[in-house]
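What follows is calculated from the coordinates using simple rules that are stated; it is not laboratory data. Every value quoted in this text rests on a predicted model; they were computed, and no experiment measured them. All Cβ positions, glycine included, derive from the backbone under ideal geometry; neighbour counts span all protein chains shown.
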Amino acid sequence: MRISTVAEIKPQEARVALTPAGAADLVRRGHDVAVETGAGVKAGYPDEEYVVAGAQIVSQADAWASADLLVKVKEPIASEYQYLRPDLTLFTYLHLAADRALTEALLDSGTLAIAYETVQDETGLPLLSPMSEIAGRLAAQAAAHHLTLQGGGPGLLLGGSPGVAPSRVVVIGGGVVGTQAALLAVGLQAEVTIIDMSPTRVRQLGEQFAGRARVLMSDAATVERELAQADVVIGAVLVPGRAAPKVVTREQLRILRPGSLLIDVAIDQGGAFETSHPTTYENPIFVVDGIRHYCVANMPGAVPRTATHALTNATLPYIRSIADQGVDAALEGSTALARGVNTRAGRIEYAGVAAAFADLA
């Protein structure tokens, strides 16, 4: 099979979908691998390493045109829509429920689009989890920085100081992102509260944190009480393949302390806060009603070396399966991979995307 990867062109995105080691693995299995010039440079992988791995270094246009299977990190943006075609399989993060324009482009092109974030096996979301773990940890790091005066904040140390109370961090959502954010915030000695709506998950988190963080069941009164005391609120809710639920409304911003920080890790799925909109690392913060919002849409892009390695570790078995068997046989043989199909032959195949765009389904 002809497999390509391209340079990511979203702002401040430095990850690449395939490490040289991953490329070498596919070449050893008899496949042709093409890598766009410079695709891995910002992640610490120069073109020369891909050449040694047996890959060809090609232009952006040639990478797209030659591919049977194109692997990316982030969803195609408007300038890449021209490369979509009916005989292409695209394997990447898509987050279509928050992106009507891309959904329409995939439908119009007939491209078979498989989303990393909706591949689901018995363990959960194996291709989303590595980036969710990184994003959760980065959320806590962002909180620590943006509470400082130099970070535009009120001049607080996340963990306080002897005799001085620590900052209060409220994490809404106790999945992978929320757990990792809470673990790092606890490690920095913040006062942490995790709110989740699943009784089972609340029990699990209670056992995991063993008193180092408060773990509470979600209800309207609890959320508002915790918002009123928070210095930082991390939105970490996820409904796979669907738009994220809004857990903080604009009206509730009045509950928060002036200068409080909202960090929306669900922004790729439309955002967990009603007032969120995507930002970049170049300009990560905006203010609504006196409340700062941090809504960087590709948080793991800040650590491209770590993130690229982690992503390839997770995706390579699925890429191998598609390449070795052909896409139809791979989908038939893997329920997990089949669940990742979002569009095919001009049709929406994923329920969450169909629910977001009923007129397109």
Mean-position separation - Cα centroids, region 105-152 and region 233-306, in angstrom | 13 Å
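What does the charge count near Ser132 come to, summing +1 for each Lys or Arg and -1 for each Asp or Glu among other residues with Cβ under 12 Å from its Cβ?
Here the count lands on -2.
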Hey, what number do you get for the chain at 222 nm if only DSSP H runs of n ≥ 4 count, each worth -39500 (n - 2.57), divided across all residues, to the nearest 500?
-> -10000 deg cm²/dmol
Given the candidates Gln150, Pro166, Val248, the one whose Cα lies deepest towards the positive end of the charge dipole of region 129-301, counting +1 at each Lys or Arg C-beta and -1 at each Asp or Glu C-beta, is Pro166
Tell me, what is a quarter of the convex hull surface for the C-alpha atoms of the chain, in nm² with one decimal?
-> 18.0 nm²
Does anyone have the angle between helix 129-146 and the longest principal axis of the chain? Alpha-carbon axes, 0 to 90°, nearest 10?
-> 40 degrees
Of 73-80, 308-315, ordering from highest average Cβ density within 10 Å down gives 308-315, 73-80
Given a cut-off of under 8 Å on Cα pairs at least six residues apart, what relative contact order in percent is computed for region 129-301?
-> 19 percent
Could you sort 233-239, 299-305, 204-210 so that the peptide with the highest average Cβ count within 10 Å comes first and the rest follow in order?
-> 233-239, 299-305, 204-210
For Val186, the net charge from surrounding residues (Cβ-Cβ under 14 Å; K, R +1; D, E -1) works out to +3
Roughly what angle does helix 100-109 make with the longest principal axis of the chain, taking Cα atoms, 0 to 90 degrees, to the nearest 10?
-> 10 degrees
Debye intensity ratio I(q)/I(0), log10, region 1-139, q values 0.16 Å⁻¹ (C-alpha model) = -0.87
Degrees between helix 220-229 axis and first principal axis of the chain (Cα, 0 to 90, nearest 10) | 70 degrees
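If Rh is defined by the Kirkwood formula over all Cα pairs and Rg also comes from Cα, what ratio Rg/Rh do you get for region 129-301?
0.92
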Among 319-332, 172-185, 129-142, what's the highest-first ranking by average C-beta atoms within 10 angstrom per residue?
-> 172-185, 129-142, 319-332
What fraction of the DSSP beta bridges in the chain is antiparallel, stated in percent and rounded to the nearest 5?
-> 20 percent
Average Cα contact separation per residue, the chain, under 8 Å, 6 or more apart, as relative contact order % = 19 percent
